[in-house]
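The values are calculated or read from the model by the stated rules, or taken from the named source; none is laboratory data. Since this is a predicted model, take the numbers as computed values, not measurements. Neighbour counts run over all protein chains shown; Cβ positions are idealised from the backbone, glycine included. With ligands, DNA and RNA removed, areas are computed over all heavy atoms of the protein, side chains included. Shrake-Rupley method; radii C 1.70, N 1.55, O 1.52, S 1.80 Å.
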Amino acid sequence: MKTITTTEALAEFCARAAQHPYVTVDTEFLRERTYYSKLCLVQMAVPGDTDEDAVLVDPLVDGLSLEPMYDLFRNENVVKVFHAARQDLEIFFVEAGVFPKPLFDTQVAAMVCGFGDQVGYETLVRKIARAQLDKSSRFTDWSRRPLTPAQKSYAIGDVTHLRVIYEWLSTELDKSGRAPWVQEELSVLLAPDTYTILPENAWLRVKTRTNSGRFLGIVRELARFRETYAQSRNVPRNRVMKDDALLELASTKPKDIQELGRSRLLLREARKGVIAEGILNAIAEGLACPQESLPKVTSKNKEKLQVNPALADLLRVLLKARCEQEKVAQKLIASAADLDALAAGKRNVQALHGWRSEVFGADAVRLCDGKLALAARGQRVEVFEV
């Protein structure tokens with residue numbers, strides 16, 4: 001296998017890749033000590049079986065520009081193939097503001113082709129490529145140099161087997177006519193909003209059972225400060241303060257350094273300096289926030305009380321039956337919350353739109369309206385008109 005360490009060599013490979021219908025791509029990165037992922041390695045392969053057809057790209061080499069690769073990503077004549085692409089795409093979006101288009105995600109495609117929920121790459125390698133992966137290097141430190149032969153072998157396997165998997169899944173999608181289903185799913189992965197976390201909305205990620213607007217107002221300001229600090233200094237948000245400490249502070253509402261020091265859960269580094277000052281300012285802003293500007297709480301419990309449990313169970317049976325019949329992963333169609341919403345009379349769930357409606361949504365509404373019924377026939381569940 002070849003390791004690319006110069007911009008010129010990368011440009012040469014990408015020019016060659018532009019002559020092929022697709023290129024497979026994967027990355028190795030670290031995120032334990034940073035807010036944004038640190039790109040440590042890029043693997044790419046084009047159709048073929050020579051050593052020149054699969055390469056490792058070392059982005060940590062001084063002077064190496066990834067711009068030739070980004071140009072390839074912008075070339076819409078070449079399909080860019082990933083497995084479970086979300087984290088990879090986030091890296092490229094943050095680094096260069098670019099998305100690989102057109103995109104093919106073999107995990108999404110496999111879910112549409114009957115391989116179950118969020119099928120792993122190793123499973124597809126075994127079932128489609130008829131090969132085995134050595135995963136011993138998976139959790140190694142990819143930022144250390146030189147890379148070991150075992151690391152290189154593991155990394156290159158993530159794109160060489162991917163060629164076989166892509167070609168097989170692509171053929172299956174063409175046969176079934178489901179390629180548009182996959183493209184509909186991938187639109188979310190190619191949306192900038194998927195990877196943009198606004199500090200003012202960071203509080204929505206904090207789980208709390210408290211419905212007090214004032215309490216949530218303080219949570220909002222603390223989460224805003226934490227996200228802003230973490231982004232600006234590229235450190236994990238949990239290194240600033242963890243969620244349990246954030247909720248503790250929103251409850252105790254310390255007003256000065258002395259009171260802040262009594263926190264049981266706050267990290268030592270956060271009890272002084274810039275972080276401590278930011279925490280105290282955030283709490284003060286949450287306390288001073290006008291009542292009308294506090295977060296508005298909508299009780300999910302009220303909606304849950306309206307769910308018809310028997311109907312929700314029938315919808316689960318219908319979903320299972322339809323997904324088995326169509327060989328599609330249930331998780332891709334509807335979540336448990338979607339089914340409960342349907343059973344509560346809601347009609348704004350994702351399962352009622354696009355290709356999901358064809359497979360499940362239209363029949364789900366008819367079941368809710370009393371126009372369909374279910375019956376057990378041996379090991380199968382049959383759906384019939386009422």
Per-residue SASA entry for T140, accessible area with 1.4 Å probe, Å² rounded to 10 = 50
Within straight-line cross-link reach of K135, aspartates and glutamates at Cα separation under 14 Å, skipping those fewer than 8 residues along the same chain = E28, E122, D158
note = Of S137, S170, S153, ordered by accessible area with the largest first and a 1.4 Å probe, the sequence is S153, S170, S137
note = Note on the chain: C-alpha Rg/Rh, Kirkwood Rh, two decimals, gives 1.03
query = Just in segment 13-89: which trypsin sites (Lys or Arg not before Pro) are loop by DSSP and have at most 11 other Cβ atoms within 10 Å?
reply = R33
query = Fully extended, how many nm does the chain gain between R316 and K101 (0.36 nm per residue separation, minus their Cα-Cα distance)?
reply = 73.8 nm
task = Find how much the distance from A131 to N211 grows on full extension, using 0.36 nm per residue of separation minus their present alpha carbon separation; answer in nm with one decimal.
result = 23.6 nm
message = Can you compute 3J(HN,Hα) from phi for each residue in segment 17-23, using the Karplus curve 6.51 cos²θ - 1.76 cosθ + 1.60 with θ = phi - 60°, rounded to whole Hz and x for Gly and Pro?
response = 5, 5, 8, 9, x, 8, 9
query = How big is the antiparallel share of DSSP beta bridges in the chain, given as a percent to the nearest 5?
reply = 65
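What chymotrypsin sites (Phe, Trp or Tyr not before Pro) in segment 77-123 are in a loop by DSSP, with at most 15 other Cβ atoms within 10 Å of the Cβ?
none
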message = Taking R0 as 41 Å, what FRET efficiency do you get between V365 and V188 from their Cβ-Cβ distance, rounded to the nearest 0.05?
response = 0.95
inquiry  = Let me test this: with uniform point scatterers at the alpha carbons of segment 60-171, what is the Debye-based log₁₀ I(q)/I(0) at q = 0.18, 0.19, 0.23 1/Å?
reply    = -1.09, -1.18, -1.37
message = With every protein chain kept in place and ligands, DNA and RNA left out, what is the accessible area per residue of the chain? Probe 1.4 Å, answer in Å².
response = 52
task = Mind putting together the pair-distance distribution for segment 123-242? All Cα pairs, 10 Å bins, whole percent per bin, short to long.
result = 10, 21, 22, 26, 17, 3
query = Full extension from Q19 to A288: what is 0.36 nm times the residue separation minus their Cα-Cα distance, to one decimal in nm?
reply = 90.7 nm
inquiry  = So if a site counts as exposed when it's one of the GluC sites (Glu not before Pro), its DSSP state isn't H, G, I, E or B, and it has at most 13 other Cβ atoms within 10 Å, what's the longest stretch of the chain without one?
reply    = 77-386
Kirkwood hydrodynamic radius of segment 265-386, Cα pairs, Å = 17.8
inquiry  = Quick check: with the 1.4 Å probe, what order do S232, S143 take by accessible area, largest first?
reply    = S232, S143
